[in-house]
Amino acid sequence: MTKTPDEQDAHGGHAETPYQLEQIKAEMKSKHSKDVTVLVYLLKSPHQLDREKASDYLGEIGNPEAVPALIEALGDPTISWLAAESLGKIGDPRAVGPLIAVLGSDEKWLRKNAAEALGKLRASSAVEPIIGLLTDKKHDVREVSARALGQIGDPRALPALQSLTNDPDLKARDAALVSIQILRQKKPIP
């Protein structure tokens, strides 16, 4: 079974591969070059730590050339949540459809990060699927989804956000209230 980020320690319980980790570190140091070839290659490494670091660093670098590989990584249950986060950081619209597709995942972290990424992308096509997450059993998924709807800025979300103002979780309620205010002002959250 895949460990969630809460369950993983700094090394994910996996053996390090010094050569590959050094390649990743070197890639990050040369961030200005934006070359992602090595990191894209490492997304298919047999070592989970390599895949995790590569996915994370690809988001930090922000090169759109990594988008197809990160979309493919959404299918890897060990790093899908990181791939979704990185796709949000890159902000390429090619990720919208694949991110919407994973909103129904059984993995909380993937649902949460995909909703957040779609908010950053201001993907109006994701409004209805994200509205569906406002009733998620996990409070942090509801909270992030409410924030994402505010970022997207589509008034279709107002009735669903209004119903979230009675949520038992304070952070989810607050996120809904802020997004309602933003939508009523018709100013998307930065």
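The values are calculated or read from the model by the stated rules, or taken from the named source; none is laboratory data. Computed from a predicted model, the values in this text were never measured in an experiment. Reconstructed Cβ throughout: ideal geometry from the backbone, glycine too, with neighbour counts over all protein chains shown.
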Residues satisfying the stated conditions in region 139-178, i.e. of a type in the set (Lys, Arg) and in contact with a helix residue (DSSP H, G or I) (Cβ under 6 Å, 6 or more places away or on another chain): Arg142, Arg147, Arg156, Lys171
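Results for (1) closer than 19 Å to Pro129 by Cβ; (2) charged (D, E, K, R); (3) at pLDDT 95 or above; (4) in a helix (DSSP H, G or I), shown as yes or no for each residue.
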| position | (1), (2), (3), (4) |
| --- | --- |
| Ala157 | yes, no, yes, yes |
| Pro168 | no, no, yes, no |
| Ala175 | yes, no, yes, yes |
| Val178 | no, no, yes, yes |
| Ile182 | no, no, no, yes |
